[in-house]
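Read through the structure below, which is laid out as structure tokens, and then see the notes.
The values are calculated or read from the model by the stated rules, or taken from the named source; none is laboratory data. These numbers were taken from a predicted model, which means no experiment stands behind them. Ideal geometry is used to build each Cβ from the backbone, glycine not excepted, and the neighbour counts take in all protein chains shown. Protein only, heavy atoms only, side chains kept; ligands, DNA and RNA dropped before computing areas. Shrake-Rupley method; radii C 1.70, N 1.55, O 1.52, S 1.80 Å.
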Amino acid sequence: MPDNDEHASPKKRWLVIGGGVMGLKIADELAGKGQDVTIAEAAPSFGGLTSAWQLGDVTWDRFYHVTLLSDSVLRKQLQSLGLEQELRWVETKTGFFAGGKLMSMSNTLEFLRFPPLSLFQRVRLGGTIFLASKIRDFRKMEQQSVESWLRRWSGKGAFEKVWLPLLKAKLGEAYRQTSAAFIWAHTQRMYKARRSGAKKEMFGYVPGGYARILDVWTGSLAERGVRLLSGHGVKTVRKTDDAASGRLEVDFGEGRVETFDNVVSTIASPLIADQCDQLRDEEKSKLRGIKYLGVVCASMLLKKPISPYYVTNITDTWVPLTGIIEMSTIVDSQSQLGGNHLVYLPKYMTDDHPDLAEPDEDYKQRCLETLERMYDHFSRDDVLEFKVARAKYVAALSTIDYSTRLPPVVTSVPGFYALNSAHILEGNLNVNETLALGEQKLRDEVWPDFLARGAVSSTRDVPEFAK
């Protein structure tokens, strides 16, 4: 719906760089304010980390995603697209692989029986999780390391047997620089899901996955006049030589240059620093100083399921995986996956880790050998498809005092805004938090700055290459 101030604000030309969910949300909100919006995505299709691909005859998400009952912003977005009523909700189970054994950790009773820990250690572990759920001030959490906080409240035994292996699986050695806000955010998300009505873990999905959501969303944007440019990476953004015009020149490469009144870049922070050389040195330093987690993630289509657990957490350090995600415990196998079963095998690591470039075949063999050791019943003969996706910039690492070192959204270059998921402070990276952040930052920072500047409208014609 258009904003109330649509008619009071001038109509200007905006470019949104990056066609992930943040970019789509910003474009959606700007279109609702009556603006002339273009969104440019370097990849051949939109969606970013939510984009889909083909596994045999099945089309599903390249990386794993679910919707929680508490994901109010995402559900509102789905409602606006006419998809929220189609959400299918499923109760999930959680597994743990510890000491060479697979066990269930899906309820309180199973938690209290967790074999690797003594009763006293289990009580301290449970108390730590409960304490994290009650803390409201994330800034206190980000002032201390996740290791020191967990050691303090869980004790040495629970930390070294449970927390440390999980932290290393998710963060590698970067756990040493990570703040306690990391574990706080994960705990808050799961407790919110349970407080939202069901006292159990209920996850949802839209039939067709994000391929369908993105198709409907981009179609809606196009109908509202948003210009969608896939395969359009942005080389540089700079103020035009005519400083009085207050406009920005965007170079798409190969001689394709266009000017806009405003540009919102939603790509990874280090890439933004390289994209706009006219930013102040301090800004570029802050952008480049943000450390990211990357991921290598395999999608495996199987004839048979591996386990009854949506997520299997792993504490055995010999396993070279962050976890095992069995999507077909949520997504209906017959109607969505051709009667087959979909499993994700992710390994997270820092953005500079050499294993991010590990050849697909090497990662595949490591994964299959690992599954053969973990599950007696697993057979390579059941594998129908195996594809590997990777992303260098997935989630910004929540380091000590992270919020105090964030670069500004409103930059020193008038009309150029740097807004991405690195600004998520009170949650972990997921679609709901990303959408909420985009909505809030546009409302509270980008739009007020735009109105205060009162830039002159653009009358330049759209170049032929972009039509």
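Which of (1) over 25 Å from Lys93 (Cα atoms); (2) open to solvent by 30 Å² or more (accessible area, probe 1.4 Å); (3) part of a helix (DSSP H, G or I); (4) charged (D, E, K, R) is the odd one out, the single condition Glu372 does not satisfy? Failing condition for Glu372: (1). Here Gly56 clears all of (1) touching a Gly at 6+ places or on another chain (Cβ under 6 Å); (2) open to solvent by 30 Å² or more (accessible area, probe 1.4 Å) except the condition numbered (1). Count of region 375-428 residues, restricted to those that are within 27 Å of Pro448 (Cα to Cα), among the small types (Gly, Ala, Ser) and not in a strand (DSSP E or B), is 6.
Determine, yes or no, whether Leu293 is touching a residue at least 12 places away in the same chain (Cβ under 8 Å) and closer than 23 Å to Leu171 by Cα. Answer is yes for this residue. None of Lys364, Lys392, Lys387 is touching a helix residue (DSSP H, G or I) at 6+ places or on another chain (Cβ under 7 Å) and at pLDDT 95 or above except Lys392. Of all the residues in region 21-51, those that are over 13 Å from Trp217 (Cβ atoms), β-branched (Val, Ile, Thr) and surrounded by fewer than 24 Cβ atoms within 10 Å (Cβ to Cβ) number 1. For Val383, the criteria (1) open to solvent by 10 Å² or more (accessible area, probe 1.4 Å); (2) of a type in the set (Val, Ile, Thr); (3) closer than 28 Å to Asp281 by Cβ; (4) touching a strand residue (DSSP E or B) at 6+ places or on another chain (Cβ under 9 Å) hold in every case but one, which is (3).
Taking the conditions exactly as written (open to solvent by 10 Å² or more (accessible area, probe 1.4 Å), under 27 Å from Val331 (Cβ atoms) and in contact with a His (Cβ under 9 Å, 6 or more places away or on another chain)), does Tyr191 satisfy them or not? Here the answer is no, as Tyr191 does not meet what is asked. Among the residues of region 215-248, the ones that are in contact (Cβ under 8 Å) with a residue 12 or more places away in the chain and within 19 Å of Gly23 (Cα to Cα) come to 20 in all. The condition (being without any contact (Cβ under 8 Å) to a residue 40 or more places away in the chain and of a type in the set (Gly, Ala, Ser)) is satisfied by just one residue among Ser299, Ser333: Ser333. In region 98-113, the residues that are at negative phi form Cβ pairs under 7 Å with partners that are charged (D, E, K, R), at six or more places apart or across chains, as follows: Ala98/Asp316; Ser104/Lys93; Ser104/Glu110; Ser106/Lys93; Phe111/Arg122; Leu112/Arg122. Give me the strands (runs of 3 or more DSSP E) completely within region 200-239, filtered to those with at least 1 residues that are of a type in the set (Gly, Ala, Ser) and surrounded by fewer than 19 Cβ atoms within 10 Å (Cβ to Cβ), ordered by residue number. Correct list: 227-230. Is it the case that some residue within region 321-339 is over 29 Å from Ser398 (Cα atoms) and among the charged types (D, E, K, R)? Yes: one or more hits. Within region 127-182, the only residue that satisfies the criterion of being over 20 Å from Pro116 (Cβ atoms), part of a helix (DSSP H, G or I), open to solvent by less than 10 Å² (accessible area, probe 1.4 Å) and among the hydroxyl-bearing types (Ser, Thr, Tyr) is Ser133. For region 9-29, the condition holds for no residue, the condition being that it is within 24 Å of Val383 (Cα to Cα) and not hydroxyl-bearing (Ser, Thr, Tyr). Counting the residues of region 89-125 that are open to solvent by 80 Å² or more (accessible area, probe 1.4 Å) and in contact with a Phe, Trp or Tyr (Cβ under 6 Å, 6 or more places away or on another chain) gives 1. Within region 256-283, residues that are under 11 Å from Ile17 (Cα atoms) and part of a helix (DSSP H, G or I) have Cβ atoms under 6 Å from residues that are open to solvent by less than 10 Å² (accessible area, probe 1.4 Å) and of a type outside the set (A, V, I, L, M) in these pairs: Ile272/Ser265, counting only partners at least 6 apart in sequence or on another chain.
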